[in-house]
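*Asks:* There's a structure below that I have some questions on.
The values are calculated or read from the model by the stated rules, or taken from the named source; none is laboratory data. Quick caveat, the model's predicted, so the values are computed rather than measured. Counting neighbours? That spans all protein chains shown, and the Cβs are built from the backbone with ideal geometry, glycine included.
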């Protein structure tokens, strides 16, 4: 059993120059352990770190007791404790940590519970049926981790498995260490909080996700790492080949090969698409002397830049358009401010760890307060208008209950695999899902259901609704035929990358499609032989469409990928304006006239004025349903909803005195 921690116990910090520091007062002076105040989760270490784990079954002053082996916000560990006082089971701090997908973030984003900065970038979109992308992610929580992309960066190529004496450690794509019991060949184990299944044979270990995507690793010897050799799902597989312990090339499901190169420090420097006629260099990675990723060039040699502080924390990133985003940290390594160079998406964070509370103020000055638990999961949210929401979780990190601003409760039920099988609202309306490996049936509160059928390869081949309508599909090489209950037949043909090349309707009419080397659609020829062409920018955004008669429709974007100008075939333009929260505030036409928009503190549209000066105001209920629209000429419309929050009625009086009363029903 681990020793209880107290003031002056040691903490090993992975951050350079911090080394070993002691737990500092006050901790809990009313509870003495070995004559010193007891340490708890939330207490501080001399290096500025916060103890972020503990034994939640033993509370001291209302907080989980800290012990030898528990972790800190800097990624370190408490290394000493009272030799005569033991608390709880062996420390499991990094054996159950919530993933980025489970956390609540604000801004660019920042985890509201622990102040860690997350940022990511899509580097390679593999054009294969697998629908897998190479996304690299940075976390200021893992600045002591050095993977293929340097300090603090992770991607699925970093994943590995390690077999220890009594457990198996899986390093996931976020850089987290997830632990499984040491199973023997032929056995499996399901990790309920992570929704991951570990299986083992004599030759390999395999991790399978809830979505049936599998990662296969060769079976390592005791104390050595097993590296990723295959990624697979129902649509195919991707294989990884090694040289000198590093991935030398990747082969996707369609046989496309990607060569990977490294520097002398084993850091990834290049990803080249070999199957391209000209060997397309998709990404180039550059590092400083400390092994930190400082810029990345795409296939057009356009660079994305990164800057860090002395502790490897990201302090600035500059995208390919030259727009910069900034991050500031406190002494505990928590982000206290993030914003774009012009104040875009600004967020100011204030942390209250003793209360497990964080205050966030956005660029419009609106404040949101978050309360969170020991796993950094948000349990309560108070919005800028004072509305409160609550979130409750079970021991497996499943959200089991939500209470909205009106006090209405929604509950969730899960199966033993952590899959949601029922959603029950405050009026006991149920949405249910049945599984047999995959989803086989979904039903709404009105008992309308959809049934799904899969083939032996786990591919969806039929969908039927409650009225007996169905859609079927089957694969025949690269040709797919789909039949519908109303008798129509559609044939589709695909290229080796899984891209749609041809569609043929029941009358024999054909539509043809062409793609560039990156898999972007560049041409469409319709059944009459008329061709439409498409152009993209370096970020793969559509910037021009040329119709069959040569007319061009053009689009210009800002640094955040938002449309700021659009020109039609006649040369007429519409310009788009946004506020610092990225909300559309005005459309300006070629005559200089504006359509304006205004929002409330919850980002809901409350007013708009059209080009001709006519305007409307919008009113919402506490849960966000639009309940009233008032128009400038005097018309007023009231809206009502059913238990599923679907619009069922509109009543009002138009300016001429006409009474409007419409009702809506759903099948």
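*Asks:* Looking only at residues in segment 137-170 that are under 20 Å from residue 250 (Cα atoms) and more than 17 Å from the chain's Cα centre (by Cα), which one is surrounded by the most Cβ atoms within 10 Å (Cβ to Cβ)?
*Replies:* 161
*Asks:* Right, something else. For segment 171-182, what are the residues that are out of contact with any helix residue (DSSP H, G or I) (no Cβ under 7 Å at 6 or more places or on another chain), part of a loop (DSSP other than H, G, I, E, B) and closer than 14 Å to residue 217 by Cβ?
*Replies:* 172
*Asks:* Moving on to the next point. Select from segment 544-566 the residues that are surrounded by 15 or more Cβ atoms within 10 Å (Cβ to Cβ) and not in a loop (DSSP other than H, G, I, E, B) and list them in ascending order.
*Replies:* Matches in segment 544-566: 545, 546, 553, 554, 555, 556, 557, 563, 564, 566.
*Asks:* Checking the condition without any contact (Cβ under 8 Å) to a residue 24 or more places away in the chain and part of a loop (DSSP other than H, G, I, E, B), which residue from 418, 407 passes? Even if it seems obvious, please write down each step before you answer.
*Replies:* Details: 418 fails: without any contact (Cβ under 8 Å) to a residue 24 or more places away in the chain.
When all the criteria are applied, what remains is 407.
*Asks:* Being modelled with pLDDT of 95 or more and loosely packed, with under 14 Cβ neighbours inside 10 Å narrows it down to one of 597, 607, 530, so name that one. Can you show your working first?
*Replies:* Numbers: 597 fails: loosely packed, with under 14 Cβ neighbours inside 10 Å; 607 fails: loosely packed, with under 14 Cβ neighbours inside 10 Å.
Unique residue meeting the criteria: 530.
*Asks:* Answer with yes or no whether residue 183 is at pLDDT 90 or above and surrounded by fewer than 17 Cβ atoms within 10 Å (Cβ to Cβ). Reasoning before the result, please.
*Replies:* On the way: at pLDDT 90 or above: yes; surrounded by fewer than 17 Cβ atoms within 10 Å (Cβ to Cβ): yes.
So residue 183 passes the test.
*Asks:* How many of the residues making up segment 208-224 are more than 20 Å from the chain's Cα centre (by Cα) and either modelled with pLDDT of 95 or more or not assigned by TED's automatic domain parsing to the domain that holds residue 164 (or both)? Walk me through how you get there before you give the answer.
*Replies:* So the first thing to find is which residues in segment 208-224 are more than 20 Å from the chain's Cα centre (by Cα), and the list is 216-224.
Now restrict to residues that are either modelled with pLDDT of 95 or more or not assigned by TED's automatic domain parsing to the domain that holds residue 164 (or both): 216-217.
Adding up the residues that qualify gives 2.
*Asks:* For the structure I just gave you, tell me whether residue 633 is more than 30 Å from residue 386 (Cβ to Cβ), touching a residue at least 12 places away in the same chain (Cβ under 8 Å) and in a loop (DSSP other than H, G, I, E, B). So that I can check it myself, show each step before the final result.
*Replies:* Details: more than 30 Å from residue 386 (Cβ to Cβ): yes; touching a residue at least 12 places away in the same chain (Cβ under 8 Å): yes; in a loop (DSSP other than H, G, I, E, B): yes.
Yes: the conditions hold for residue 633.
*Asks:* Could you look through segment 236-256, keep only residues that are farther than 18 Å from residue 156 by Cβ and within 29 Å of the chain's Cα centre (by Cα), and pick out the one that is surrounded by the fewest Cβ atoms within 10 Å (Cβ to Cβ)?
*Replies:* Pass one, segment 236-256, residues farther than 18 Å from residue 156 by Cβ: 243-244, 254-255.
Now restrict to residues that are within 29 Å of the chain's Cα centre (by Cα): 254-255.
On the way: 254: 20, 255: 10.
Of everything passing the filter in segment 236-256, 255 is surrounded by the fewest Cβ atoms within 10 Å (Cβ to Cβ).
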